[in-house]
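Remarks on the structure that follows.
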Amino acid sequence: FVDNDVRFETFSAKSLPSNYVKCVYQDSEGFIWIATNNGLVRYDGRNCLSYAEHLDKYTFIYEIVEDSEGILLATDKGLVCLDKSTGSTRVRIEDSTVSTVVRDSRGNIWAGGGDGLFCRRAGEETFSKIALTIGDEPVVGLIDLIEGEDGCILMTTWHKGLYLYDPADGSTAVFRDGELAYSYVLHRDSQGIIWVGTWGKGLLRLDEDFMSTSAYEAFHAVP
């Protein structure tokens, strides 16, 4: 349907610390958090509140997720937690690019980036690094990650395929056939279907039995 009452408002550098918006996230209270490459703002439906002065060097923000402590920010200098009520911050992962962070269905927080995969289990205080290897090759330089079936974690790196980590047994697998070698961004929709955006090879939809067949459907641009 068409809603003629829909109104769009343009946000510019007058409201934001930068016009390069990396992530938009709605928290449990309905606030909209806008992450840029030069700081963070919170939008309440009417006004933007800047948190630039609270973040120190953690201003290039890739991704946001909320947990029991506050707002977790994945940045190029590490993972930092922002207290929504006070604006104070606590560094969770230092001196490492963290490009992606998610909260799984069990309440665990997973973070990935230049140094690989980190996890803070539900009820724990600190993040631990998960040692991932395929043969003798360490899995580092993570770009994106999501929770897949049965609590498994799907991950992408740069032109190295689609990785899967199973927390139940600590195993790691990689899928590199065809377009999967160029896996870049990940999304799991409301029906549980996993979509993979590739770097230059189109969009992939993984089959429901992908884990046993490695089968997927590819969608490409048609000239």
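Values for this structure:
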{"item": "Count of segment 42-67 residues which are open to solvent by 50 Å² or more (accessible area, probe 1.4 Å), closer than 16 Å to Gly113 by Cβ and not charged (D, E, K, R)", "result": "2"}
{"item": "Criterion: part of a loop (DSSP other than H, G, I, E, B), farther than 18 Å from Lys22 by Cβ and in contact with a helix residue (DSSP H, G or I) (Cβ under 7 Å, 6 or more places away or on another chain) - qualifying residue of Arg106, Arg46", "result": "Arg106"}
{"item": "Residue within segment 4-11 that is loosely packed, with under 15 Cβ neighbours inside 10 Å, more than 17 Å from Leu142 (Cα to Cα) and modelled with pLDDT of 95 or more present", "result": "no"}
{"item": "Residue in segment 79-98 that is open to solvent by 10 Å² or more (accessible area, probe 1.4 Å) and touching a Ser or Thr at 6+ places or on another chain (Cβ under 6 Å) present", "result": "no"}
{"item": "Count of segment 181-223 residues which are of a type in the set (Val, Ile, Thr) and in contact with a Lys or Arg (Cβ under 7 Å, 6 or more places away or on another chain)", "result": "2"}
{"item": "Tabulated pairs, segment 201-218, first of a type in the set (Asp, Glu), second in a loop (DSSP other than H, G, I, E, B), C-beta under 8 angstrom, 6+ apart or interchain", "result": "Asp207/Ala215; Glu208/Ile193; Asp209/Ala215; Glu217/Asp207"}
{"item": "Test: Ser15 is surrounded by 13 or more Cβ atoms within 10 Å (Cβ to Cβ), assigned to a strand (DSSP E or B) and hydroxyl-bearing (Ser, Thr, Tyr)", "result": "no"}
{"item": "Selection from segment 194-213 of residues that are over 15 Å from Lys160 (Cβ atoms) and at pLDDT 95 or above", "result": "Ile194, Trp195, Gly197, Gly202, Leu203, Leu204, Arg205, Leu206, Asp207"}
{"item": "Evaluation of Thr36 against (1) touching a Gly at 6+ places or on another chain (Cβ under 9 Å); (2) surrounded by 18 or more Cβ atoms within 10 Å (Cβ to Cβ) (one fails), failing number", "result": "(1)"}
{"item": "Count of segment 99-120 residues which are open to solvent by less than 20 Å² (accessible area, probe 1.4 Å), touching a Phe, Trp or Tyr at 6+ places or on another chain (Cβ under 6 Å) and among the aliphatic types (A, V, I, L, M)", "result": "1"}
{"item": "Some residue of segment 91-102 being free of Cβ contacts under 8 Å to residues at least 24 places away in the same chain and under 17 Å from the mean Cα position of the chain (by Cα)", "result": "yes"}
{"item": "Segment 49-83, residues that are aromatic (Phe, Trp, Tyr) and in a loop (DSSP other than H, G, I, E, B)", "result": "Tyr51, Tyr58, Phe60"}
{"item": "Any chance Thr75 is crowded, with 17+ Cβ neighbours inside 10 Å and β-branched (Val, Ile, Thr)", "result": "yes"}
{"item": "Selection from segment 185-223 of residues that are open to solvent by 50 Å² or more (accessible area, probe 1.4 Å) and either among the basic types (Lys, Arg) or closer than 22 Å to Gly135 by Cα (or both)", "result": "Arg188, Lys201, Arg205, Met211, Ser212, Thr213"}
{"item": "Residue list for segment 129-180, filter: closer than 25 Å to Gly200 by Cβ, open to solvent by 20 Å² or more (accessible area, probe 1.4 Å), among the aliphatic types (A, V, I, L, M) and without any contact (Cβ under 8 Å) to a residue 40 or more places away in the chain", "result": "Val140, Ala173"}
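The values are calculated or read from the model by the stated rules, or taken from the named source; none is laboratory data. All values derive from a computational prediction rather than experimental measurement. For neighbour counting, all protein chains shown are included, and Cβ atoms are generated from backbone atoms with ideal geometry for every residue, glycine included. The accessibility values were calculated without ligands, DNA or RNA, using every heavy atom of the protein model including side chains. Shrake-Rupley method; radii C 1.70, N 1.55, O 1.52, S 1.80 Å.
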